[in-house]
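Read the structure below first, then the notes.
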């Protein structure tokens, strides 16, 4: 794939800028909370600014090429370079990570988790941002792996320190699961490296050389990568860490987890596993598809069984990522495009849902669905936002969610490269049924929480006029008065809401960027699969 | 002969505005509706009015266009198709556009017009409601959705409008969500329709991949385009399985949306919404979306389900079942809106039956006429509950004798009822009779007789409802007495939301000063005007396609029904993927050709876009037969109602006061009393109670139960899976394998035991496994 | 003599050490098991230095010995401190301190 | 003992040496038994003593492999220093001198499969790689070479190690200090 090296400082700066903020914050005493928050916000804002500049400098005419390309020798001895670049596939996710981090940090301004200590919390979040952005720009396996793991640790601490009452268990589960996956992934990477003649770890080399490996070896290596990425996605049998992690994580953690971290896995499939191991991909595609569809139905069933709002949303992630994986497994441009779109859409929508869940928890000190009701009456705006997000999440045309689901279902009707058509068509129908279940659990949730009269437990407090931020951590006076959406929350949420509508109404915005890159990817697949 | 020589005109070219304007209006209402003097309703009215104006213009220009074609060549009138590339992915184009032909024009006109009237009606009906603005926003968005679907040039657009309507119906049915029953009804409606939508998604996929390649090769079009799909279906080289499954899947969607058996149970519950909603969504527009889908893609269904003469097919069967079942149900309702709801379902059954038996035009015609009188009937019901029965819809408890109190409402109601029953010369007569006639003419004799039976029942239950509401002696609120226990009475039909369910609701105050203490009275002009207008149209609309009066009156046949012509594919093709708003001229009308369409594949280089459907000639004999049956239904039911309901009163008052003075008539009256016996005990007990009641029982206990149990059992399944498999098996496996201390431990001690050691275990285990993998790869 | 003898012996020792690390509860015992593992590694190193006629293996073995000494020193010191703080060196009770 | 074994080696300078194999076998058996006891004994002190046996065996094997210097340092460092440290640790942590019931943690069973898995992989790999390699023993390695190597090419690592040791010593003191 050709490369363009115009203003290639952008990516490095955009990726590592948060570290500057971290450095500054290290020298600020814990007590200076406002100052710390300010620095964090400024850092994230600056990073976002660089990201926006990247958006402008990106040449959409040739989105299939790697742009802002940098290639510097890094670890000579293992032939790993510092290779970074951006193309139509990674641009949306790269930018999304910056936006989400920025908004989450803003949200933290007056929704600090109860464990306190904003200093380390914000520092961790900035480090997390470095890891996420790095993963999306890395064009070298070792570099990718490093960033991939860098993401792991801050999230572990975020859950383990600022999480709910079962945080120990959840964080450890999250950590071990991902480590388990990473081990296999690393082995697979090394195997790939040696099988391609141990020349280079750079994606471009591996993409061109990987196809030449004999089939069964490809299948094995792909199996390793599959484990690594599938845990991260997460796909059906490997998903059990997700509900716990999401439920226990602080709101900020859940949002980032849903919006970006889950995408690392799917991105890995699209960027690494499939293009580098075409035969392996073809061999594994049916398995992925079946697991994906199981995930769709299974996640939906899980949702229906939930009594806890946050846990329900977490399970819905399993279902939605199932659609993404289904799209990927078709190995068609249509499907992979849908998957990429679905990633971003799911990031926005589910992130939004987690925000709402967090704020609800903050006000009611509970997420038991049975105890919540009449939200529309007590906090009309919050209720409408929840409804909006729910509608988007169940795939209403005109909102972002639909364009991830419908094309994926469509693509499953005719998968590429001689995959078993009957199987995929059956799966398509099941997946379509999944959309109904999605409607069921989301609307049911909405009907139970938002409609009806406020439960006597919480009524008696009338919705407070918007304003006066809710300040964190006082469990002491349970049931402080129920406020509607606060200004800070508006600031943090509006971009999400706007984006959901904009991408829903004019999906071309994103498809236009992805399509060339994905077409190129699939074309290369075609060359090596049916020459 | 070229495409561009056909006159098109501004309105036809820009018909897409019809759908766009209300959408913008919706946004505007949401944005700053609350601040406006009329709480945003004016925006809704304005936008809908604009749409109506454009629709009228489009209709006029379409007529000109057709006339022009008829003068020059008795040929195919090309629809005005435009398309914008919305987005593209992997070579697949998702477009937005317009596909304006007679059908589209007719429904655009209909929808815009009825929406306008309903909004006017709502101005008064919902005055002071706490979510007045939201209501109008949703109403406007709904109209937009329906119009989008009617305009739709491709399947994706149809899905878009389809789902928008679903959303709005959810919002509108659940408008008074403080009452749990309403929100449940909203949920049920959305969910049931959504079940059908699976068919829509799957069917779209099937048809797309079936038609895409063909469309690209032959038409430079794509597999979503309605036109391309029609041409492909009739081209003869479409795979029969794709046709079959595609049409079946899409028809499932239609079943869900149009409340066909067995998915019709949501429709009556949907009456929980405010009456304007019922009249707009659940009588005249949204529920016909399914019928419209079938009509729009008629070639697909024609080929896929082989709707030939005499061929029994899915659509016809479903239609006729719906027709009978729903009509039976309507007998046992006490809630006036539910009577109308079931009647709607039954009429939709008529339409489906027509489509299923090749009677395309009569079915569309019935959509047209039915919209008027059914909308009028619903608005009448609304007017009654608004100012007559104090927000109750219970005919037995709170109505009766209202004819004197509300003459206009009663008059319009009766006219509309006659129209629905199909009395000459009101609109219902023509449309329903044409359906029945064509069903017979196309060889479906059994279905024809069932349809006659349906007509009989329609007349009967409407007569009963009329009597209960407007005649007899006033009861309950109709008699002016205030009672509030009617909240509990009827879970669904009861939208007595405002008066004391929520004391804080402004609606209550509005009505308190409105007609707080004094009894029933006639409604205000804002309510009456729409009703009167609709009733007037309901009585004359029939002449738009009055077959009995010959060619000149068959306006719809000439302007709405697509010509079953073989059309040449022009050599100089314009690509469909062209710039914004480029009109697609890939098809050229040509001189008259033999009507083989739908029966034989068109010759090379040409396509068919509509099957040659036959039209039954009108026979007065059949007409009178129909009239007789309807009349019989009306009269018998009327007499029965009088006997039944007044007899009860007589029991209260006692016999002698009324009959003692007239001794010589005693015997006669006595006989009449026998007649009562006869009617009540024999006819009705036989017909109404066992049969209809059992049907209703079936409906409530079986179908409804199935829907509910489906929901609950999924939930239980979910719980089961969650508890046993997710938490125990998968999770348990993980825990047991020592990655995490087993969560279901005994005490804290063993649970937390020795994490360090287990890190060790993990480390070495993973290392060993990794080594194995590496070794295996390298071997 | 056959090189495999050494290597297999080393493997056995290693596995036993692994088992000890996983199974033992007492911190000191775990340290001992670690020593087993280290020794097996050193055995391997020496064996390899014999197989490939070079002394590098032995040198590394010596390095490992040094490291092992350091490790034991620090490790036991930590164990001591832990014991001082909480009268016990049972690892599972240790693991509750995190969080 | 050293001398006798070296003598045996001198006798048979070529090929496989019976005596060596026998000696190896015996020592190996003892070592394995001792190692097993280390990880299974119920008594911490006994465990330490069994460990001494294992370390000694290792040293002996070094001699068989002709690495005398390593063997000696093994004896000095391990048996001399490390074991003493261990015993101190045991005493200072007041471990029961007698039998102790719960030296194993609750999930010790997990260790067996893992260990066996390890063993399998290693043995298989080793046999696969060096199935038939024969060590032609060329007598004891002269200590000169080692010293040269240490002060020559391996000087830097050597210094580094020394610093590590120093740091470790200091660190140990800092950690273990009271107050």
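Summary of computed values
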read-out	value
Inter-centroid distance (Cα atoms) of region D:16-65 relative to region A:337-365, Å	61
Burial order of peptide ranges A:403-413, A:502-512, A:433-443 (average beta-carbon count within 10 Å, highest first)	A:403-413, A:433-443, A:502-512
Angle in degrees between helix A:33-57 and the longest Cα principal axis of chain A, rounded to the nearest 10	40
Cβ neighbours within 10 Å from other chains - mean over A:386-396	2
Efficiency of FRET from Cβ geometry, residue A:72 and residue D:84, R₀ 45 Å, rounded to 0.05	0.30
Length gained when the stretch residue B:311-residue B:719 is fully extended (0.36 nm per residue, less Cα-Cα span)	142.3 nm
Fewest-first sequence of B:464, C:87 by Cβ atoms within 10 Å of each Cβ	C:87, B:464
For chain A, calculated [θ]222 nm from helices alone, where every DSSP H run of n ≥ 4 adds -39500 (n - 2.57)	-23000 deg cm²/dmol
Rounded to 10°, Cα long-axis angle of helix A:400-413 versus longest principal axis of chain A	40
FRET efficiency estimate (nearest 0.05) - Cβ-Cβ, residue A:26 to residue D:124, R0 45 angstrom	0.35
Cβ neighbours within 10 Å from other chains - mean over A:401-411	4
Residues residue A:13 and residue A:62, FRET efficiency given R0 of 22 Å [Cβ-Cβ distance, rounded to 0.05]	0.50
Averaged over C:39-47, number of beta-carbon atoms from partner chains that fall within 10 Å	6
Separation in nanometres of the label points that stand 7 Å from Cα toward Cβ, at residue D:164 and residue B:776	3.5
Rounded if a/c under 1.5, otherwise prolate or oblate - region C:3-97, Cα gyration tensor axes	oblate
Extension gain, residue A:82 back to residue A:114 (0.36 nm per residue minus Cα-Cα distance, nm)	7.6 nm
Degrees separating the helix A:421-449 axis from the principal Cα axis of chain A, which is the longest one	10
Whole-angstrom gap from region B:299-321 to region B:335-406, using each part's C-alpha centre	27
Gap separating the Cα centres of region A:193-262 and region A:441-459, nearest whole Å	39
Mean Cβ neighbour count within 10 Å, used as a protection proxy, ranking B:298-306, A:65-73, A:317-325, D:128-136 highest first	A:317-325, B:298-306, A:65-73, D:128-136
Virtual spin-label span in nm between residue A:506 and residue B:63, 7 Å along Cα→Cβ	4.0
Spacing of the two label points (7 Å from each Cα toward its C-beta) at residue B:620 and residue B:49, in nm	4.7
Protection-proxy order for peptides B:59-69, A:99-109, each taking the mean of Cβ atoms within 10 Å per residue, highest first	A:99-109, B:59-69
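Bear in mind these aren't lab numbers, they're just calculated from the coordinates by the rules spelled out. Only a predicted model underlies this, so the values are computations on that prediction, with no experimental measurement involved. Neighbour counts run over all protein chains shown; Cβ positions are idealised from the backbone, glycine included.
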